[in-house]
Amino acid sequence: MNIDTAMVEKLVQRVLGELSATGSATAQPGSTAVSDGIFTDMNAAVSAAAKGQKDYLNCTMADRRRFVAAIRAIVTKPENLQIMAERAVEETGMGNARDKYIKNKYAAELTPGVEDLETGAWSGDDGLTTVEYSAFGIIGAICPTTNPTETLICNTIGMLAAGNSVVFSPHPRAKGVSVWLVQLINSALAAEGAPANLVVTVGEPSIASTQAMMEHPAVRMLVVTGGPGIVDLVLKSGKKAIGAGAGNPPVVVDATANLEKAARDIVSGSSFDNNLPCIAEKEVLVVDSVADTLILHMKKSGAYEVRDAETVAKLVAQLITPKGGLAADWVGKSAVAILAGLGIQAPADTRLVIVQTDKDHPFVQHELMMPVLPIVRVKDVDEAIDLAVVLEHGYRHTACMHSQDVSKLTKMARMIQTTIFVKNGPSYAGIGIGGEGYCSFTIAGPTGEGITSARSFARRRRCVLVGDLNVR
Ligand code: NAD
């Protein structure tokens, strides 16, 4: 076949046109155009995700399984886990790489895939009816600074397993690592022959780009993982929305608890990723008769107690602004750094700062997201449970309890009404890290989906065949 210069020119122009429509897409041998999922403009990102989702309808369930497996495989490569953890800490200035490595690994390995989409059926004289979890369409997902990559991983797996495409709005303070991860995921999907642009974002996320995503008519569902402000905004959007909001998890310790283990678990949970996880223990309510023993064991497990009134006042001035908010620069910093800010040189293995306070103290009332844990003494377990309910502020998020008394454990579970209730373990057991069950970093208390998974991102659709296919 003869191809003349004019035709070559025309082909080049067409390919260039396709490339510019797919952000920073790059041509690869053996394929037409491969997108890395990164766009300069939110509208272009949504349009590409819309095309991606349409193409995805032609894929089989086996394809979806392969795509999810490929995402798990690429994310869990040790070098990628390491880059992700270090870059997130570097860029956000929060948390620690060791724990972020673990969080990302669990998100990639333990987020449910296609198997989460169980089909329901009725059969009888009138035929066969099935109810299947079907794609919602294009999902707009807003991610927090505190778990930027963890959220992106678990949302991607769950949303793609359910047949959707996803447009991410990362926090601007975590854009570098989020863009890197979207590119990484796209490279794995492309290698498996997945439709282009199932997972997209913009190179420069901002409040304006998130607004544009929320308002775009092609985006069918919004999933927000963040603080109360953005959760409220998304719930007012008029779209189907999943809200995973703030928490202030109390941990109750009663006189029957194994105090040595309770102390170890509380220090581990509360110091995990420098207390950034929304599920991490944020205040201890301990029965007075066992408080001293608990504190002694906490100190043996890596906690440093700040006791004298003057130093406690300095700590409050350091971490709480004059207007009563959090001093943002200290969110997610290490216990050693926070103590150094007070002029205290603590041992390098110090993981948590503990302070005895009353129930009205700002450390107790606020979701600190710092490895600083207030301890409040109460007269008995019933007072502890009542107070825990108040301090959880109705978020319905997470609570923990250390006790051997089954009736009190049951009482607290009933009264507090949280999405996650961990008994006799560290808080992170509630998302499958050392506890039974799957993992997710999008815990939807306000809208009730709970610990989200593929089925949370799907629609239930009924198919009815009248008269036939009943073999009973
Ligand atoms: P944040 O609310 O400041 O930001 C969350 C996301 O919303 C970011 O992407 C941010 O850019 C965006 N955003 C915030 N305000 C916006 C606005 N007006 N318009 C458009 N976009 C906006 O929260 P954060 O500091 O990143 O994360 C910490 C908070 O998230 C804590 O309260 C924590 O408890 C909560 N969180 C909840 C869960 C959960 O599963 N329930 C998980 C992680 C974090």
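All of the numbers you see were taken from the coordinates with simple rules; none came from a lab. No experiment lies behind these values; they were computed from the predicted model shown. Positions of Cβ are generated from backbone atoms using ideal geometry, with glycine treated the same way; all protein chains shown enter the neighbour counts.
Can you compute the charge dipole magnitude of segment 317-361 about its Cα centre, using +1 on each Lys and Arg Cβ and -1 on each Asp and Glu Cβ, nothing else charged? Give it in debye, rounded to the nearest 20. Present the calculation step by step, with values, prior to reporting the outcome.
Details: 4 positive and 4 negative charges, 15 e Å.
Dipole magnitude for segment 317-361 comes out near 80 debye.
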> Projected onto the charge dipole of the chain (+1 at Lys/Arg Cβ, -1 at Asp/Glu Cβ, origin at the Cα centre), which of L409, S35, V202 gives the Cα projection farthest towards the positive end?
Replying inline: S35
> Under 20 Å from the 7 Å Cα→Cβ point of T321, by amide nitrogen: which residues of segment 161-184?
Replying inline: 171-174
>> Just want the ordering: E281, E449, from fewest to most Cβ atoms lying within 10 Å of their own Cβ.
In response: E449, E281
> Hey, what number do you get for the chain at 222 nm if only DSSP H runs of n ≥ 4 count, each worth -39500 (n - 2.57), divided across all residues, to the nearest 500?
Replying inline: -13000 deg cm²/dmol
> Listed highest first by mean packing, meaning other Cβ atoms within 10 Å per residue, what order do 96-102, 265-271 come in?
Replying inline: 265-271, 96-102
> Does segment 316-472 come out rounded, prolate or oblate, given a ≥ b ≥ c as the square roots of the eigenvalues of its C-alpha gyration tensor, rounded meaning a/c under 1.5 and, failing that, prolate meaning a/b above b/c?
Replying inline: prolate
> Once amide H atoms are built 1.01 Å from N in the peptide plane, which residues 5 or more positions from H402, or in another chain, come under 5 Å H to H?
Replying inline: V252, V253, D254, N424
> Going by average Cβ neighbours within 10 Å, how do the peptides 67-76, 228-237, 340-349, 134-143 rank, with the highest at the top?
Replying inline: 134-143, 67-76, 228-237, 340-349
> Given +1 on the Cβ of Lys and Arg, -1 on the Cβ of Asp and Glu, and no further charges, what dipole in debye does the chain carry about its Cα centre, rounded to the nearest 20?
Replying inline: 520
> Across segment 237-250, in residue order, what do the Karplus-derived ³J(HN,Hα) couplings come to in whole Hz, using 6.51 cos²θ - 1.76 cosθ + 1.60 with θ = phi - 60° and x for Gly and Pro?
Replying inline: 6, x, 9, 4, 9, 10, x, 10, x, 5, x, 8, x, x
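Taking 51 Å as R0, compute the FRET efficiency from the Cβ-Cβ separation of W122 and A313 and round it to 0.05. Let's see the in-between values first.
Numbers: r = 66 Å, r/R0 = 1.29.
The formula returns an efficiency of 0.20 here.
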> Can you run phi through the Karplus equation (6.51, -1.76, 1.60; θ = phi - 60°) for segment 262-271 and list ³J(HN,Hα) in whole Hz, with x for Gly and Pro?
Replying inline: 4, 4, 4, 5, 5, 5, 4, x, 6, 9
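Suppose every Lys and Arg Cβ carries +1 and every Asp and Glu Cβ carries -1, with no other charges. What dipole size does segment 180-259 come out with about its Cα centre, to the nearest 20 debye? Display every interim value, and only then the final one.
On the way: 4 positive and 5 negative charges, 55 e Å.
Once rounded to the nearest 20, the dipole reads 260 debye.
Are any of the pairs K359/K379; K77/K100; K100/K299 more than 18 Å apart by Cα-Cα distance, and if so, which?
Flagged as over cut-off: K100/K299.
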> Picking from A246, V223, A257, whose Cα lies most toward the positive end of the charge dipole for segment 193-263 (charges on Cβ: Lys, Arg +1; Asp, Glu -1)?
Replying inline: V223
>> Through the Karplus equation 6.51 cos²θ - 1.76 cosθ + 1.60, θ set to phi - 60°, convert the phi angles of segment 58-75 into ³J(HN,Hα) values in whole Hz; use x for Gly and Pro.
In response: 8, 7, 8, 5, 4, 4, 4, 4, 5, 5, 5, 4, 5, 5, 4, 5, 6, 5
>> Going by amide H atoms built from the backbone, whose H comes under 5 Å of the H on Q356, apart from near neighbours?
In response: I375
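Could you order peptides 79-86, 122-129 by the average number of other Cβ atoms within 10 Å of their residues, highest first?
Values: 79-86: 17.9, 122-129: 13.0.
Descending mean neighbour count gives 79-86, 122-129.
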>> Taking a ≥ b ≥ c as the square roots of the Cα gyration tensor eigenvalues, with a/c under 1.5 meaning rounded and otherwise prolate when a/b beats b/c, else oblate, which class fits segment 238-345?
In response: oblate
>> Check which residues have an amide H placed less than 5 Å from V202's amide H, if you skip close sequence neighbours.
In response: F39
>> At 7 Å along Cα-to-Cβ for each site, give me the label-to-label distance between D382 and M61 in nm.
In response: 5.2
> Taking the Cα-to-Cβ direction at E132 and at K261 and moving 7 Å from each Cα, how far apart do the two end points lie in nm?
Replying inline: 4.6
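So which of K103/K240; K103/K323; K261/K333; K103/K236; K54/K239 end up more than 23 Å apart, counting from Cα to Cα?
Exceeds cut-off: K103/K240; K103/K323; K261/K333; K103/K236.
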>> Testing the spin-label approximation: label points 7 Å from Cα along Cα→Cβ at E115 and E204. State their distance in nm.
In response: 4.5
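Just the Kirkwood number for the chain, please: inverse of mean 1/r across all distinct Cα pairs, in Å, one decimal.
Numbers: mean 1/r = 0.0421 Å⁻¹.
Evaluated on the chain, it is 23.8 Å.
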> Counting pairs of alpha carbon atoms under 8 Å apart in space and at least six apart in sequence, what relative contact order in percent does the chain give?
Replying inline: 20
